[in-house]
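The next block holds one structure in the form of structure tokens; read it before the comments.
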Amino acid sequence: MEYPTIIGVASGKGGTGKTTVAVNLALHLAEQYPVALLDLDVEEPNDNHFLHRSMVHFQDVGLMRPEVDEDSCTHCGLCAELCEFNALAVLPDQVMIFAELCHGCGLCSLACPVNAITEHFHKLGAVTKSENPLANESSVYKKNLTFYEGTLNVGEAIATPMIHELKKIAFDQKESKHVILDLPPGSACPVVEGLADLDIVILVTEPTPAGEHDLCIAIELVKQLEVPFAIINNRSDVGDDRINRLVQENDYNLLLEIPHDNEILYLYSRGLPLVGATQKFDELFTKLWKNVKDGKNWQMQK
Ligand code: SF4
Ligand code: SF4
């Protein structure tokens with residue numbers, strides 16, 4: 001493989017433990033390899049709550065939005081006809097632009113027969129990158145971990161350009177052997193953008209009706225995108241056996257079961273990672289990585 005192994009961590013819904021898995025898997029791997037961790041949950045990034053890294057600006061992210069010169073416009077209506085996001089409406093004497101619907105595809109300006117449309121950069125947010133660890137940093141894993149975070153500006157509705165830029169960073173990684181992507185929760189457009197072209201994705205769920213329902217939606221999505229996947233059943237002893245039944249009935253791959261543990265809640269509430277806290281959590285993520293590396297867990301599942 002020419003580029004580093006790119007591992008997504010996703011969940012059909014929020015609150016399943018996705019971020020805990022992503023951050024701690026990255027920290028575990030960083031004990032041995034150079035690793036990059038990217039927080040793609042750009043509407044509510046929180047990986048750094050457990051990393052406490054100081055961040056510096058890396059790049060602005062935005063899109064090109066159209067602006068119409070009404071003096072040149074003939075109000076032919078072509079731009080509105082072509083815009084698949086309904087971001088334009090052409091009235092007899094005015095072109096209305098619904099900026100929050102525009103995805104910056106550029107089609108309207110290309111198509112305008114009288115060149116009445118120009119494009120202007122609109123900033124959606126920014127990607128920040130962790131500063132190099134200080135020379136006196138004592139922890140080995142911190143030296144090997146580079147962390148990127150995307151943050152959407154308040155009020156912006158379109159997250160996909162930000163996810164796209166973070167994915168480009170992931171695929172451009174030269175210095176990292178592994179890249180961990182903490183994807184947004186759910187199964188909407190930002191998740192689809194985040195899932196595309198990953199090497200593998202870990203789906204984190206919990207044994208509740210909502211957990212099973214949203215996991216099934218996520219599985220359908222990753223199957224359509226043809227991303228190899230496996231499942232982590234978090235708080236496995238709190239609900240019922242519905243996830244185990246789902247796994248057995250469909251021959252899905254169950255990577256790991258994480259039983260409920262008050263110590264996890266304690267560490268979470270204090271913004272502390274599991275890896276490095278106690279031996280049992282180090283062993284948990286050692287086991288997870290061993291199962292991830294086991295090739296039979298990652299056969300493409302149709
Ligand atoms: S395609 Fe150009 S000329 Fe036609 S309505 Fe749109 S901006 Fe005006
Ligand atoms: S740039 Fe694309 S999405 Fe935006 S208004 Fe033009 S055609 Fe629609």
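Just so you know, all these numbers are worked out from the coordinates, no wet-lab data involved. Since this is a predicted model, take the numbers as computed values, not measurements. No Cβ is skipped: glycine too gets one built from the backbone with ideal geometry, and neighbour counts run over all protein chains shown.
Filtering the range 81-98 down to residues that are in contact (Cβ under 8 Å) with a residue 24 or more places away in the chain and surrounded by 14 or more Cβ atoms within 10 Å (Cβ to Cβ), which residue is nearest to ligand 2 (Cβ to nearest atom)? Please lay out each step first, then the result.
Going through the range 81-98, the residues in contact (Cβ under 8 Å) with a residue 24 or more places away in the chain turn out to be 82-83, 94-95, 97.
Filter once more, so that each one left must be surrounded by 14 or more Cβ atoms within 10 Å (Cβ to Cβ): 82-83, 95, 97.
Working: 82: 6, 83: 3, 95: 10, 97: 6 Å.
If we take residues in the range 81-98 being in contact (Cβ under 8 Å) with a residue 24 or more places away in the chain and surrounded by 14 or more Cβ atoms within 10 Å (Cβ to Cβ), then 83 is nearest to ligand 2 (Cβ to nearest atom).
Among the residues that make up the range 277-292, is at least one of them within 27 Å of residue 53 (Cα to Cα), of a type in the set (A, V, I, L, M, F, W, C), in contact with a helix residue (DSSP H, G or I) (Cβ under 7 Å, 6 or more places away or on another chain) and outside any helix (DSSP H, G or I)?
yes
So, in the range 83-105, exactly how many residues are within 29 Å of the chain's Cα centre (by Cα) and more than 10 Å from ligand 1 (Cβ to nearest atom)?
Step one: filter the range 83-105 for residues within 29 Å of the chain's Cα centre (by Cα), giving 83-87, 98-105.
Now narrow it down to the ones that are more than 10 Å from ligand 1 (Cβ to nearest atom): 84-87, 98-105.
The qualifying residues number 12.
Take the conditions of a type in the set (Val, Ile, Thr) and more than 23 Å from residue 7 (Cβ to Cβ) and apply them to residue 278. Does it pass? Explain how you work it out, then say what you get.
Values: of a type in the set (Val, Ile, Thr): yes; more than 23 Å from residue 7 (Cβ to Cβ): yes.
Criteria met by residue 278.
Here is a yes/no grid of residues against (1) touching a residue at least 24 places away in the same chain (Cβ under 8 Å); (2) touching a helix residue (DSSP H, G or I) at 6+ places or on another chain (Cβ under 6 Å); (3) surrounded by 24 or more Cβ atoms within 10 Å (Cβ to Cβ):
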{"site": "12", "(1), (2), (3)": "yes, yes, yes"}
{"site": "16", "(1), (2), (3)": "yes, no, yes"}
{"site": "23", "(1), (2), (3)": "yes, yes, yes"}
{"site": "27", "(1), (2), (3)": "yes, yes, yes"}
{"site": "36", "(1), (2), (3)": "yes, no, yes"}
{"site": "44", "(1), (2), (3)": "no, no, no"}
{"site": "51", "(1), (2), (3)": "yes, no, no"}
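Residues that are more than 14 Å from the chain's Cα centre (by Cα) and among the aromatic types (Phe, Trp, Tyr), at least 3 per element: which strands (runs of 3 or more DSSP E) completely within the range 106-225 meet that?
Numbers: elements: 117-130, 145-152, 178-182, 200-205.
No strands (runs of 3 or more DSSP E) qualify here.
When the residues of the range 32-61 are filtered to those that are acidic (Asp, Glu) and either part of a loop (DSSP other than H, G, I, E, B) or within 16 Å of ligand 2 (Cβ to nearest atom) (or both), which remaining residue is farthest from residue 93 (Cα to Cα)? If you could, list the steps in order and put the result at the bottom.
First, the residues of the range 32-61 that are acidic (Asp, Glu): 39, 41, 43-44, 47, 60.
Adding the requirement that they be either part of a loop (DSSP other than H, G, I, E, B) or within 16 Å of ligand 2 (Cβ to nearest atom) (or both) leaves 41, 43-44, 47.
On the way: 41: 41, 43: 37, 44: 41, 47: 49 Å.
Looking at the filtered set, the residue picked out is 47.
Output the residues belonging to the range 62-80 that are charged (D, E, K, R), in a loop (DSSP other than H, G, I, E, B) and surrounded by 12 or more Cβ atoms within 10 Å (Cβ to Cβ). Before you say what the answer is, go through the steps one by one.
Of all residues in the range 62-80, those charged (D, E, K, R) come to 65, 67, 69-71.
With in a loop (DSSP other than H, G, I, E, B) added as a condition, the list becomes 69-71.
Selection gives 69 alone.
What is the one condition in (1) aliphatic (A, V, I, L, M); (2) away from ligand 2 (no atom under 16 Å from the Cβ); (3) in contact with a Gly (Cβ under 9 Å, 6 or more places away or on another chain) that residue 64 does not satisfy?
The single condition residue 64 does not satisfy is (2).
I'd like to know if the range 255-264 contains one or more residues that are surrounded by fewer than 16 Cβ atoms within 10 Å (Cβ to Cβ) and in contact with a Lys or Arg (Cβ under 6 Å, 6 or more places away or on another chain).
Yes.
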